[in-house]
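First the structure, which I've put down as structure tokens, then a few questions once you've had a look.
The values are calculated or read from the model by the stated rules, or taken from the named source; none is laboratory data. No experiment lies behind these values; they were computed from the predicted model shown. Cβ atoms come from the backbone with ideal geometry, glycine included; neighbour counts cover every protein chain shown.
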Amino acid sequence: MKQHLPLLLVLLLLASCRESTKTGRPDIDPGFTSYVSGFTTGVVSAASPVRVRLMNEIPDSLRKALTDPHLFKFKPSLQGQVRWSDAQTIEFVPDDLPGAGTGYQCEFQLGKILAVPPALQTLEFQFQIMKQALFAEVQGLSSWTRRTFAGSSSGEHPARPISHGPKRWKRCCEPASKEGS
């Protein structure tokens, strides 16, 4: 039994390493690099369109005909419009903002735009909508006295409040009043 223990530990270690490297992302066929130069992936803003950038320009006459929303399929479902931002980039713009923090799987029908081998008809990729967050730090309020307000450590003349006491303070930018004018 003691002889088999090191072998068992090595096998368990290898099995646990193999499972931890799974990310759930689909593997992208390297053959797509001949047709696609980039696509939306990772964590993106909810206001961002989903983009696929092709390697070559598509003629204007073909681009006008290729605006079918079914070129993009999403899980969970998204409804929207397809547009071309330039001769190489097609975008899907959702009708409504996607849910914050939601992960999406996209199937882009590349074979409906270009003549590609059967294995490259559909480009599958994933992206996630950024979680919305707000961080605010509230610092307490403190009162000012005439001593702390009138003194200035920078040497600048501070603004002075108008006091309703026996001595009247003037604002720093008001000209001094001349008596008898």
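Looking at the structure I just gave you, is Ser48 polar (S, T, N, Q), surrounded by 14 or more Cβ atoms within 10 Å (Cβ to Cβ) and free of Cβ contacts under 8 Å to residues at least 12 places away in the same chain?
Considered against the rule, which asks whether it is polar (S, T, N, Q), surrounded by 14 or more Cβ atoms within 10 Å (Cβ to Cβ) and free of Cβ contacts under 8 Å to residues at least 12 places away in the same chain, Ser48 comes out as yes.
Could you identify the single residue in Arg83, Arg53 that is closer than 22 Å to Thr33 by Cβ, surrounded by fewer than 17 Cβ atoms within 10 Å (Cβ to Cβ) and over 16 Å from the mean Cα position of the chain (by Cα)?
Exactly one of Arg83, Arg53 is closer than 22 Å to Thr33 by Cβ, surrounded by fewer than 17 Cβ atoms within 10 Å (Cβ to Cβ) and over 16 Å from the mean Cα position of the chain (by Cα), namely Arg53.
Give just the number: which of (1) in contact (Cβ under 8 Å) with a residue 40 or more places away in the chain; (2) in a strand (DSSP E or B); (3) under 17 Å from Ile28 (Cβ atoms) does Phe92 not satisfy?
With respect to (1) in contact (Cβ under 8 Å) with a residue 40 or more places away in the chain; (2) in a strand (DSSP E or B); (3) under 17 Å from Ile28 (Cβ atoms), Phe92 is out only on (3).
Please enumerate the residues belonging to the range 95-107 that are among the small types (Gly, Ala, Ser) and in a loop (DSSP other than H, G, I, E, B). Quick ask: steps written out before the conclusion?
So in the range 95-107, the residues among the small types (Gly, Ala, Ser) come out as 99-101, 103.
Correct list: Gly99, Ala100, Gly101.
Can you tell me which residue is farthest from Ala46 (Cα to Cα) among those in the range 123-156 that are among the aromatic types (Phe, Trp, Tyr) and at pLDDT 70 or above?
Looking at residues that are among the aromatic types (Phe, Trp, Tyr) and at pLDDT 70 or above, I get Phe135.
For residues that are assigned to a strand (DSSP E or B) and of a type in the set (A, V, I, L, M), tally how many sit in the range 108-120.
Total meeting the criteria: 0.
Scan the range 90-122 for residues that are at pLDDT below 95 and of a type in the set (Asp, Glu) and jot them down.
Asp95, Asp96
Are any of the residues in the range 66-84 in contact with a Leu (Cβ under 7 Å, 6 or more places away or on another chain), within 16 Å of Leu123 (Cβ to Cβ) and in contact (Cβ under 8 Å) with a residue 24 or more places away in the chain?
There is no residue in the range 66-84 that is in contact with a Leu (Cβ under 7 Å, 6 or more places away or on another chain), within 16 Å of Leu123 (Cβ to Cβ) and in contact (Cβ under 8 Å) with a residue 24 or more places away in the chain.
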